[in-house]
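Just below is one structure, and these are the notes that go with it.
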Amino acid sequence: MIEAMPLLLFGVVFLLLMLGYPVSFTLGGVAVIMGLATFGFNFFNLLPLRIWGIMTNYVLIAVPLFIFMGVMLEKSGLAEELLETMALLFGKIRGGLAISVVVVGAMLAASTGIVGATVVTMGLLSLPTMLKRGYDPPLATGTISASGTLGQIIPPSIVLVLLGSVMNVSVGDMFMGAVFPGLALVVMYLLWILIISYLKPEVAPAMPSEELKRFRGKEAFRKIFQAFLLPSILVVAVLGSIFAGIASPTEAAAVGALGATLLTMGRKRFSIPTLKAVMLETTHLTSMVFIILVGATAFGLVFRGMGGDHYLTELIIGANLSPGLFLALVMVVIFIAGFFIDFIEITFIIIPVVVPIFEQMHVNLLWLGILFAMNLQTSFLTPPFGFALFYLKGVAPPQITTTHIYRGIIPFIIIQLIGLLLVILFPELATWLPEVVFGS
């Protein structure tokens, strides 16, 4: 009966989550109730110390700073200028608009890392244009949704910060390890668009030549230069300072927050109401992340107090699962969980439970963290609760149905799973760069 208690704890939490109860209060509430019933009041003397440890974690300060940077950049109009310029730059190619969306999605991912802001911005600006130019609705919506999720894997990414903290892996190493997998996804997205545009020209036509005539000469060069220069400076300032060893991820996040503010000022979009709106949204998102983290800490304390980690370890070892089979099992569980709960919940519920087992199996935690990040990226696209799908549906024109969006994301989910498989088969994609640069 005692051995079944950790499983009962998990079962109650997932049942309540499926019924729609708030994540943080479900994790914390169930943990406290079952902890009191099992151990009494004295067991929770440890909980304030655990929460204090979260509040004083220097690495986690990067979370509100990166959120501030992303929200501020959204207000600067950078995404709008990027989309307009890229659309005209690639307009002559079949699928040029879709290609521009992927390129802008990658650049915004490297500049902001905020999925919701990216999907909403690109949905508002590019989806009406793509539909007007005769794009197939599933291809248009799938491209926008998938490109928006690149912020989950391309650094600086909040999920990489959280995973690094939970797994006790250097966030700088995580950022460096995610570079090649993130670029590989971008390349596969572009290849898919080029292939489908070649096989079915009617689903992704080129832009009319008349519209491209005004985008020539010196004006074209100036627009391209401005569109690429500003985000490039910010990316170099944030990621370059980390990769060069000049700044820690937290310090680089502060540089990014300041840089985004100066960029908004330079574009004459800064005002006190804008700053207030950015600060309110940053506070809201940061509070959401940290209250879930507090609930997950209470959950983890009770789960370990019940011996859940030892029980699971013995269960896995007793089943004689190889590291490869256990990895496959965990990847499937995370992928399925992504259909119903978001990446923050998975990060704080599932990851802390399985990481100690992987450590006993001597699995490279950096490689494992990148695999987790790529798998968690799919949770934004998988119905019924894929947040990128909700974001896009909220700003899509009336003629775009939920079916269009669901059909559109299927090829991109498959591409993401192929990318995940490639990193599993070739761990060097995630480990080579950090080893060369940091000697990790």
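The values are calculated or read from the model by the stated rules, or taken from the named source; none is laboratory data. Quantities reported herein were computed from a predicted structural model and do not represent experimental measurements. Every residue, glycine as well, gets a Cβ built from its backbone with ideal geometry; the counts of neighbours run over all protein chains shown.
Here segment 360-378 is the region considered, the condition is being over 19 Å from the mean Cα position of the chain (by Cα) and either aliphatic (A, V, I, L, M) or modelled with pLDDT of 95 or more (or both), and the residue that is farthest from W432 (Cα to Cα) is M361. Note on segment 406-440: residues that are under 22 Å from F175 (Cβ atoms) and of a type in the set (A, V, I, L, M, F, W, C) total 12.
In summary, F385 fulfils each of the numbered conditions (1) within 21 Å of V289 (Cβ to Cβ); (2) modelled with pLDDT under 75; (3) in a helix (DSSP H, G or I); (4) not charged (D, E, K, R) with the single exception of condition (3).
Against the condition closer than 27 Å to I350 by Cα, of a type in the set (G, A, S) and at pLDDT 80 or above, how does S271 come out, does it pass?
Details: closer than 27 Å to I350 by Cα: no; of a type in the set (G, A, S): yes; at pLDDT 80 or above: yes.
Taking the combined requirement at face value, the residue does not satisfy it.
May I ask you to list the residues in segment 336-353 that are touching a helix residue (DSSP H, G or I) at 6+ places or on another chain (Cβ under 8 Å) and either more than 21 Å from V289 (Cα to Cα) or surrounded by fewer than 16 Cβ atoms within 10 Å (Cβ to Cβ) (or both)? Walk me through it before giving the result.
First pass over segment 336-353, keeping only residues touching a helix residue (DSSP H, G or I) at 6+ places or on another chain (Cβ under 8 Å): 337-353.
Result: F339, F340.
Which one is modelled with the lowest pLDDT, of the residues in segment 287-302 that are surrounded by fewer than 17 Cβ atoms within 10 Å (Cβ to Cβ) and not small (G, A, S)? I'd like the intermediate steps shown before the answer.
Narrowing segment 287-302 to residues surrounded by fewer than 17 Cβ atoms within 10 Å (Cβ to Cβ): 287-288, 291.
Next, only the ones that are not small (G, A, S) stay: 288, 291.
On the way: M288: 75, I291: 80.
The extreme case among them is M288.
Scanning segment 52-101 for residues that are among the small types (G, A, S), within 17 Å of T250 (Cα to Cα) and over 22 Å from the mean Cα position of the chain (by Cα) yields a single hit, G53. The set of residues in segment 174-190 being of a type in the set (A, V, I, L, M) and surrounded by fewer than 24 Cβ atoms within 10 Å (Cβ to Cβ) consists of V179, L183, A184, V186, V187, M188, L190.
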